[in-house]
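Heads up, the thing below is written out as structure tokens.
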Amino acid sequence: MTNKNQSFGVGQDSMSSMTCLIHVLEAWFGVEHLEDYWNFANYLLWVFTPLLLLILPYFTIFLLYLTIIFLHIYKRKNVLKEAYSHNLWDGARKTVATLWDGHAAVWHGYEVHGMEKIPEEGPALIIFYHGAIPIDFYYFMAKIFIHKGRTCRVVADHFVFKIPGFSLLLDVFCAIHGPREKCVEILQSGHLLAISPGGVREALMSDETYNIVWGNRKGFAQVAIDAKVPIIPMFTQNIREGFRSLGGTRLFRWLYEKFRYPFAPMYGGFPVKLRTYLGDPIPYDPKITAEELAEKTRPTDDGTRFHPADSDARGFRSSSPPLVSKGTTQDAVTPNVHFNIMIYFNFLHT
């Protein structure tokens, strides 16, 4: 073993700084074989890291089930008050929103830019990009409830309503599966409503290039026209760096198209910085068609449809090559388009 009094200077055998530090600590604390312990810890980290990356996405599902359990307990506790109160679930919503907002702040340093664009009252249709797991939208709903006192309704895929135990959660947080007439009714009643035109297909088949998977969908635009409400575009920076899906592979694509269920495995749960950006509202125009409004809302490559007033706001493109080389943490920016957003591929909080 190296002499404890040996100095690690120039001219001696080359040795990594970590090895040098370990020997210094051995001499300092009088502990032997510290390097062996360090190597063993590194080995355990190497072995278990893949398992952690597979487990973390399902921790989000675990949190959802914790939320459901809490709601069931709350329901039983307040069963006698149900006949006397029209806001039985407000306390539960606020508690759950606080729980998710805390998780957002601690794990992702979550921020919402453009919150002032959400009206204090009255309807608006929010159109958002669907990540592999839309955890950013859960955080966004919590922010809206805490800071605006409003519940944002959301259109969810039909399979979500078939997940065991989810019915109470979906009822309390006002998730619907359509149809179009129901969406129009909600907006005409003065509520906020969120729709992801890409839906589950975008969640599975989009990737780190953030390609938009909307196809020719224009139903959301017809909803906005029929309800005579503005559209507020929304995007969350780094949502694809937090969670990834293998749904883009041929097998899982085939399974989804065949059964319309998201069988693709996910991985991730990385503590990346998440920032949600809200674009300028697209006002109701009685002269525009659904096709034109959908095209106006859809991100494009040419950058001619949106010129952000804020120098920090950058564009988003519907198809592009990888924006950042593997292993880099430099900020990457794409041309300006309709969404008032940024995409920076940071793997650490900034």
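Can you name the residue in segment 184-203 that is within 23 Å of the chain's Cα centre (by Cα), open to solvent by less than 10 Å² (accessible area, probe 1.4 Å) and of a type in the set (A, V, I, L, M, F, W, C) and is also farthest from Thr151 (Cα to Cα) among such residues? Once the filter is applied, the top-ranked residue is Ala203. The C-beta contact set for segment 264-288 (first residue more than 23 Å from Asp101 (Cβ to Cβ), second residue among the aromatic types (Phe, Trp, Tyr) and part of a loop (DSSP other than H, G, I, E, B), distance under 9 angstrom, 6+ apart or interchain) comprises Asp280/Phe306.
Per the listing Ala294, Ala309, the residue uniquely more than 29 Å from Gly178 (Cα to Cα), at pLDDT below 95 and among the hydrophobic types (A, V, I, L, M, F, W, C) is Ala309. For segment 153-187, a tally of residues being touching a Pro at 6+ places or on another chain (Cβ under 7 Å) and polar (S, T, N, Q) returns 0.
Among residues of segment 232-287 being open to solvent by less than 30 Å² (accessible area, probe 1.4 Å) and more than 20 Å from the chain's Cα centre (by Cα), the one that is modelled with the highest pLDDT is Ile282.
The values are calculated or read from the model by the stated rules, or taken from the named source; none is laboratory data. Bear in mind that the values here come from a model prediction, so they are computed numbers and not experimental data. Reconstructed Cβ throughout: ideal geometry from the backbone, glycine too, with neighbour counts over all protein chains shown. Just so you know, the surface numbers come from the protein's heavy atoms only, side chains and all, with ligands and any DNA or RNA stripped out. Shrake-Rupley method; radii C 1.70, N 1.55, O 1.52, S 1.80 Å.
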